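Note sheet for the following structure.
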Amino acid sequence: MLATAQPVLRRFWYPVIPIELLQGRPQSFTLLGEPLVLWLDADGKPSVVRDRCCHRYTPLSQGIVVDGNIRCPYHGWQFNSKGCCVVVPQAPDSPIPENYRVQSFQCQERYGYAWVCLGDGLDEILNIPEAKDPSYRLIHAFYETWHCSGLRLIENVCDHGHFHFVHNQTLADRENPVSSPHNVLEKTERGFYFESILFMHNNPHMEKNVGSSQKTMKIIRKINWCMPFGLHLQEMMDGKELVQVSITYATPINDSSCQMVRFLFRNDTEAEAKAADIITHEGLIFSEDRAILETIDYDVPLDLNEEIHMATDKPGILMRHKLAALLASHGEIEQRRTAA
Ligand code: FES
Ligand code: CO
């Protein structure tokens with residue numbers, strides 16, 4: 001499936017840029033092949049329009065923010081958050097024609113990110129109950145570009161068959177590659193709910209809760225997949241109070257790249273586990289995933305007869321099923337890369 005060639009994918013919300021990166025300057029971002037510029041308006045709200053001035057096609061992201069508008073660097077026209085031109089310095093006393101405008105899109109701030117939807121929203125921005133719970137702290141873990149399809153990245157987090165090989169040193173060992181079966185896997189309105197139990201190596205940021213003598217942790221994982229490229233994952237260690245909720249998005253940049261956005265909510269404190277240590281440990285694990293995923297063909301077939309599947313692939317199979325059904329229900333045919 002080529003993400004940029006399936007219009008229905010434009011109707012979902014994606015986290016695009018951390019709000020703090022927009023402080024004082026505009027930023028460009030390509031979402032589903034659409035070049036965008038984002039900035040903060042006079043009220044501090046994120047705005048997004050196509051990153052191309054309607055006058056001479058200059059990238060607006062090369063300009064600056066003036067009075068909450070984005071100012072083109074070439075002739076200084078200014079555009080507001082609706083994409084309307086509001087200042088033409090060369091003709092200050094003339095009314096500005098209506099066609100002096102650039103396309104704008106829906107944009108909202110949530111959880112420290114600017115979220116963008118390029119079309120009529122099919123859903124709302126993901127609701128995260130832990131974000132409203134004062135016993136949880138928020139940790140921004142990753143914001144980085146991965147050169148793989150979003151579907152491969154999201155499937156990977158739900159794929160318990162790879163831990164023993166890809167994460168042989170960090171999470172599991174090659175000698176015991178048989179995972180416990182999926183306890184629960186059921187469809188939901190927005191994707192699926194998936195519950196499982198894993199046995200993993202102890203790791204530094206969980207260590208305090210386990211006790212240093214214990215080598216293996218029993219982890220209960222509860223995953224909500226939010227179509228098409230989002231995951232809400234709750235992890236608890238058996239018998240312990242620590243709960244870690246991770247939000248992972250593979251925001252689609254184009255067909256071969258995605259922006260890996262990951263943030264955590266944890267019910268412990270900085271004194272118990274330093275955020276920097278947690279990020280370092282996660283970074284080690286995700287670098288192992290990334291090294292594999294960036295070698296794989298980005299054009300993921302939704303047709304189950306193309307790739308071969310095994311029992312631990314059930315979540316990935318359901319993703320393909322639901323995405324194929326999504327395309328069909330919107331009258332779309334899966335688009336694939338054509339051979340050169
Ligand atoms: Fe943008 Fe002329 S190209 S104002
Ligand atoms: Co992995």
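Rule-based calculations on the coordinates, nothing more; no lab input. Computed from a prediction, not measured in an experiment: that's the story for all the values here. Cβ atoms come from the backbone with ideal geometry, glycine included; neighbour counts cover every protein chain shown.
Translational diffusion coefficient of segment 216-318 at 25 °C, 0.890 mPa s, Stokes-Einstein with Kirkwood Rh over Cα pairs, in µm²/s as a whole number.
153 µm²/s
Between Ala325 and Thr295, what is 0.36 nm times their sequence separation minus the Cα-Cα distance? Round to one decimal in nm.
The Ala325-Thr295 span can extend by a further 8.0 nm.
Express the Stokes-Einstein translational diffusion coefficient of segment 129-329 in µm² s⁻¹, to the nearest whole number, given a Kirkwood radius over alpha-carbon pairs, 10 °C and a viscosity of 1.306 mPa s.
Answer, rounded: 90 µm²/s.
Between Asp43 and Asp133, how many nm apart are label points set 7 Å from Cα along the C-beta direction?
About 3.1 nm separates the two model spin labels.
With point charges of +1 on the Cβ of Lys and Arg and -1 on the Cβ of Asp and Glu, referenced to the Cα centre of the chain, which listed residue (Leu21, Ile197, Ser104) lies farthest in the positive direction of the dipole?
Of the candidates, Ser104 comes out farthest on the positive side.
Calculate, axis by axis, the spread of Cα positions in segment 3-117 along the three principal axes, and write the results as whole Å, longest axis first.
Sorted largest first, the three principal extents are 42, 30, 20 Å.
Once the other residues with Cβ under 11 Å from the Cβ of Arg101 are scored (Lys, Arg +1; Asp, Glu -1), what is the net sum?
In short, +1.
Among Thr312, Thr170, what is the fewest-to-most ranking by other Cβ atoms within 10 Å?
Thr170, Thr312
Applying the Karplus parametrisation 6.51 cos²θ - 1.76 cosθ + 1.60 with θ = phi - 60° to the phi angles of segment 50-56, what ³J(HN,Hα) value in whole Hz is obtained for each residue in order, glycine and proline being reported as x?
Result, rounded to whole Hz: 4, 7, 7, 4, 6, 7, 10.
Quick check: pseudo-label points 7 Å beyond the Cα along Cα→Cβ at Cys84 and Ile197, how many nm apart are they?
The answer from the label model is 6.1 nm.
By count of other Cβ within 10 Å, fewest leading, how are Val116, Val66 ordered?
Val66, Val116
Quick one: which residues, 5+ away or cross-chain, put their amide H under 5 Å from the amide H of Glu109? H built at 1.01 Å from N.
Trp115
Could you let me know the centre-to-centre spacing of segment 252-329 and segment 87-140, using Cα atoms, in angstrom?
Using only Cα atoms to place each centre, the spacing works out to 25 Å.
Dipole of the chain (Lys/Arg Cβ +1, Asp/Glu Cβ -1, origin at the Cα centre): which of Thr30, Asn69, Ile279 lies farthest to the positive side?
So the residue furthest toward the plus end is Asn69.
No solvent, one uniform scatterer per C-alpha: report log10 I(q)/I(0) for the chain via the Debye equation at q = 0.08, 0.14, 0.16 1/Å, two decimals.
The calculated log intensity ratios at q = 0.08, 0.14, 0.16 Å⁻¹ are -0.43, -1.15, -1.39.
Provide the three semi-axes, in whole Å and in decreasing order, of the ellipsoid equivalent to segment 41-184 as defined by the square roots of 5 times the Cα gyration tensor eigenvalues.
Taking √(5λ) for each Cα gyration eigenvalue gives 46, 18, 14 Å.
For segment 154-170, just list the computed ³J(HN,Hα) in residue order, Karplus coefficients 6.51, -1.76 and 1.60, θ = phi - 60°, integers in Hz, with x standing in for Gly and Pro.
Each residue's phi maps through the Karplus curve to give 5, 4, 4, 5, 9, 9, 7, x, 9, 4, 6, 10, 5, 10, 4, 8, 9 Hz.
Given R₀ = 25 Å, what would the calculated FRET efficiency be for Glu109 paired with Gln62, taking r from the Cβ atoms and rounding to 0.05?
Efficiency at R0 = 25 Å is approximately 0.60.
Using the Cα centre of the chain as the reference point, and only Cβ charges (+1 on K/R, -1 on D/E), how large is the resulting charge dipole? Debye, rounded to the nearest 20.
460 debye
Anyone know which of Glu109, Glu270, Glu294 comes out most mobile in the 10 Å Cα GNM of the chain?
Result: Glu270 has the largest fluctuation of those listed.
For the pair Arg337 and Glu307, how long in nm is the line joining their label points, each one 7 Å along Cα→Cβ?
Taking the simple label geometry, Arg337 and Glu307 are separated by 1.4 nm.
Give me a comma-separated list of calculated 3J(HN,Hα) values for segment 230-242, in order, Karplus coefficients 6.51, -1.76, 1.60 applied at θ = phi - 60°, integers in Hz, x for any Gly or Pro.
Along segment 230-242, the couplings run x, 9, 10, 10, 9, 10, 10, 8, 3, x, 10, 8, 5 Hz.
Taking a 19 Å limit on the Cα-Cα distance, which of the listed pairs Lys187/Lys240; Lys187/Lys314; Lys240/Lys314 fall beyond it?
Exceeds cut-off: Lys187/Lys240; Lys240/Lys314.
Any idea which of Met260, Leu233, Val300 is furthest toward the positive side of the dipole for segment 129-329, if Lys and Arg beta-carbons carry +1 and Asp and Glu beta-carbons -1?
Leu233
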